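Just so it is clear, none of the values below were taken in a lab; they were calculated from the coordinates. From a predicted model like this one, the values you see are computed outputs, not experimental measurements. Counting neighbours? That spans all protein chains shown, and the Cβs are built from the backbone with ideal geometry, glycine included.
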Ligand SMILES: [Zn+2]
Ligand SMILES: [Zn+2]
């Protein structure tokens with residue numbers, strides 16, 4: 001799953017976006033998307049990048065007191 005449909009300002013409509021070759025250190029988690037319609041617009045999908053981090057939360061273990 002490396003492509004998605006999003007709104008492109010340049011194309012003024014919904015276009016198919018795909019991941020460009022990552023030159024940074026993102027790897028499979030690269031948040032950059034390039035429009036396949038105009039080939040120029042790049043979108044930074046920060047929402048997809050932050051979601052897993054927000055979901056990760058350490059739960060404090062419930063302390064139970066024996067009567
Ligand atoms: Zn990248
Ligand atoms: Zn476009």
Check: Using a basic spin-label model with each label point 7 Å from the Cα along Cα→Cβ, how many nm lie between residue 38 and residue 3?
Finding: 1.9
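Based on the mean of other Cβ atoms within 10 Å per residue, sort peptides 4-11, 31-38 so the most packed one is first.
Numbers: 4-11: 13.4, 31-38: 17.0.
Descending mean neighbour count gives 31-38, 4-11.
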